[in-house]
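None of the figures in this text is laboratory data; all of them are computed from the coordinates on show. The structure presented is a predicted model; accordingly, all values stated were derived computationally and were not measured. Reconstructed Cβ throughout: ideal geometry from the backbone, glycine too, with neighbour counts over all protein chains shown.
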Amino acid sequence: MNMQSLRTGMDISLIAAMGNNMVIGKEGKMPWHLPDDLQYFMDKTQGHYVLMGRKTFHTYKKIMKDHKVLVVTNQKHFDGEYADVVSSIEEGIVKAALAGESELFVSGGAEIYAQTLDLADRLYLTMIRHDFEGDAFFPDVEFSKWELVSIVHHNKDEKHEFEFDYLIYERIW
Ligand SMILES: NC(=O)c1ccc[n+]([C@@H]2O[C@H](COP(=O)([O-])OP(=O)(O)OC[C@H]3O[C@@H](n4cnc5c(N)ncnc54)[C@H](OP(=O)(O)O)[C@@H]3O)[C@@H](O)[C@H]2O)c1
């Protein structure tokens, strides 16, 4: 079966939060606590399939029980609990497409973003206006190939130590 034809009618969107220096994680976690961004992630992805790597699933699994999660792993007998376990990114994409999904969200981590950026139609990037130390990075984006279609600023406040912007980019195919 041809993956490109299966994708007809289904957009692939990457959703990620990152620092100015593209850091997305440190020692398996996100090095910030921004509750409104977490809520933004939950709201955007609610009702859609969300594809993530096994390591990210480990971090997110408690809060994603109401989501349709696809976990990617090479492990033959991985227990995904409530999530669907797939053995490749392609298998996850096909599964979502066959289920009639209109927008598949890819929620990381670094390994999975790197392998899906070239397939993406849309990027939901929360740009946190701070340089973080970390060991996981979002891949380089050639922004000349993307159109910024939305930007919403969030100020610092008592619950949010850093200011940030919610950016949405659409690919110029
Ligand atoms: N800021 C954000 O928005 C955000 C979002 C998500 C994650 N993160 C951060 O990113 C970091 C985790 O990223 P990561 O790169 O270490 O791990 P990851 O991408 O979450 O998961 C990597 C795992 O996915 C599986 N995998 C990857 N590619 C595969 C393929 N092609 N086929 C089958 N399985 C595949 C492998 O699992 P097995 O080893 O089981 O085979 C691999 O070890 C954490 O720090 C996390 O907090 C940040």
> With (1) buried (at least 21 other Cβ atoms within 10 Å of the Cβ); (2) within 14 Å of the ligand (Cβ to nearest atom) as the list, and K68 as the residue in question, which single condition is left unmet?
Replying inline: (2)
> Of the residues M52, M64, which is assigned to a loop (DSSP other than H, G, I, E, B) and either in contact with a Leu (Cβ under 7 Å, 6 or more places away or on another chain) or closer than 15 Å to V106 by Cβ (or both)?
Replying inline: M64
> What about D79, is it more than 11 Å from the ligand (Cβ to nearest atom), surrounded by fewer than 12 Cβ atoms within 10 Å (Cβ to Cβ) and of a type in the set (D, E, K, R)?
Replying inline: yes
> Does at least one position in segment 34-51 carry a residue that is within 12 Å of the ligand (Cβ to nearest atom), of a type in the set (S, T, N, Q) and within 18 Å of R122 (Cα to Cα)?
Replying inline: yes
>> If V69 satisfies all but one of (1) free of Cβ contacts under 8 Å to residues at least 24 places away in the same chain; (2) aliphatic (A, V, I, L, M); (3) closer than 18 Å to G28 by Cα, what's the number of the condition it fails?
In response: (3)
> Among strands (runs of 3 or more DSSP E) lying entirely in segment 83-173, which contain 1 or more residues that are closer than 24 Å to H58 by Cα?
Replying inline: 84-86, 103-106, 122-128
